[in-house]
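Input: a single structure, listed below in structure tokens.
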Amino acid sequence: MTEFTKLHGLGNDYIYLNAFTEQIEEYDLAELAQILSDRHFGVGGDGIILIMPSETADFRMRIFNSDGSEAEMCGNGIRGLAKYVHERSMIDNTTIGVETGAGVLRVALTVEDDSVVAATVDMGIPRLNRGEIPMLGEPANEPVIDQPLEVNGDSFEVICVSMGNPHCVIFVDDVDRFPVGDIGPLIENHELFPERINVEFVTVLDREHVKMRVWERGAAETLACGTGASASVVAAVLTDRTDRQVEVELRGGPLQIEWHQNEHIFMTGPITEVFTGQLNEQLIAPARK
């Protein structure tokens, strides 16, 4: 049996496995993610997150999407990791360094009655150049802002941002009615994005509020995405649609995003633990190496 804990940030839910206590190395992690993420035959989630030792930070985080692909970073997921380790006394500090595929990020916790109710993540400095996204084409050392992208006979103006993982932001008049499920996968898998891409569809409500839906690379549409919310605010500021402090309304609830004058993005939002359980060995046996 392997113990797991399920947490979510605004409905963006992950299955957490503690590599300090569980024999994670015995499993093919891509296959394990697919088994556990299945919402009918498994635990159900947008993916799995591994809590691991790190040589460069307090902890290391690895993320596998529901399709088995590995992601560099997840803003909601890193808040969940911080809640997990603090509430289980794996660390006493309320500021935690986490090694991710996007580098070492720092998380500041809001604690009430010994419970972590929210966290602020220093998401780092957004990368804007085409080659950093990555996105094919020239010039590789210049930003992609309002560039036309042809998809299935339609043209969309896109702004591309890397938050350590790739994002393509599109502003639309009414995100609630936009066919995210149709257009999202076409852009995710567009030939211009060699590592695929996350796609954000955004409606600006005013200079301090936007509404966003996200098609996540490797996970389809999810209820929230912290890196996507961050990328959307960067795109909105670059095109003078909003100020630098913005509330991003997601299907799962709001995130507070600030693009600070030091160029770092700060994301604040809640995190909730759902339950802890034991995995049946027969369920995960196909993933054993």
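The values are calculated or read from the model by the stated rules, or taken from the named source; none is laboratory data. A quick note: this is a predicted structure, and the numbers were derived from the prediction, not measured. Here the Cβ positions follow ideal geometry from the backbone for every residue, glycine too, while neighbour counts run over all protein chains shown.
Quick rundown of the values:
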item: Filter pass, VAL158 being surrounded by 19 or more Cβ atoms within 10 Å (Cβ to Cβ), closer than 21 Å to THR227 by Cβ and not assigned by TED's automatic domain parsing to the domain that holds THR227; result: no
item: Matching entry among ARG79, ARG88, ARG127 (being surrounded by fewer than 17 Cβ atoms within 10 Å (Cβ to Cβ) and either among the hydroxyl-bearing types (Ser, Thr, Tyr) or out of contact with any Asp or Glu (no Cβ under 6 Å at 6 or more places or on another chain) (or both)); result: ARG88
item: GLU195 vs. criteria crowded, with 19+ Cβ neighbours inside 10 Å and over 30 Å from THR94 (Cα atoms); result: no
item: Top-ranked residue of region 103-126 - restricted to ones that are among the charged types (D, E, K, R) and over 16 Å from the mean Cα position of the chain (by Cα), ranked as nearest to LEU149 (Cα to Cα); result: GLU112
item: Residues of region 185-211 satisfying the condition of being assigned to a strand (DSSP E or B), hydrophobic (A, V, I, L, M, F, W, C) and either outside the structural domain of VAL234 (by TED's automatic domain parsing) or under 20 Å from the mean Cα position of the chain (by Cα) (or both); result: VAL199, PHE201, VAL202, VAL210
item: Test: GLY97 is over 15 Å from the mean Cα position of the chain (by Cα) and among the small types (Gly, Ala, Ser); result: yes
item: Options ILE63, ILE15, ILE48; residue that is closer than 18 Å to MET267 by Cβ and without any contact (Cβ under 8 Å) to a residue 60 or more places away in the chain; result: ILE63
item: Those residues of region 22-47 which are farther than 17 Å from GLU281 by Cα and buried (at least 24 other Cβ atoms within 10 Å of the Cβ), in sequence order; result: GLY45, ASP46, GLY47
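Yes/no matrix, rows are residues, columns are (1) touching a His at 6+ places or on another chain (Cβ under 7 Å); (2) modelled with pLDDT under 95; (3) farther than 18 Å from ALA82 by Cβ:
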{"site": "MET1", "(1), (2), (3)": "no, yes, yes"}
{"site": "PHE4", "(1), (2), (3)": "no, no, no"}
{"site": "GLY9", "(1), (2), (3)": "no, no, no"}
{"site": "ASP13", "(1), (2), (3)": "no, no, no"}
{"site": "GLU25", "(1), (2), (3)": "no, yes, yes"}
{"site": "GLU31", "(1), (2), (3)": "no, no, yes"}
{"site": "ILE35", "(1), (2), (3)": "no, no, yes"}
{"site": "ARG39", "(1), (2), (3)": "no, no, yes"}
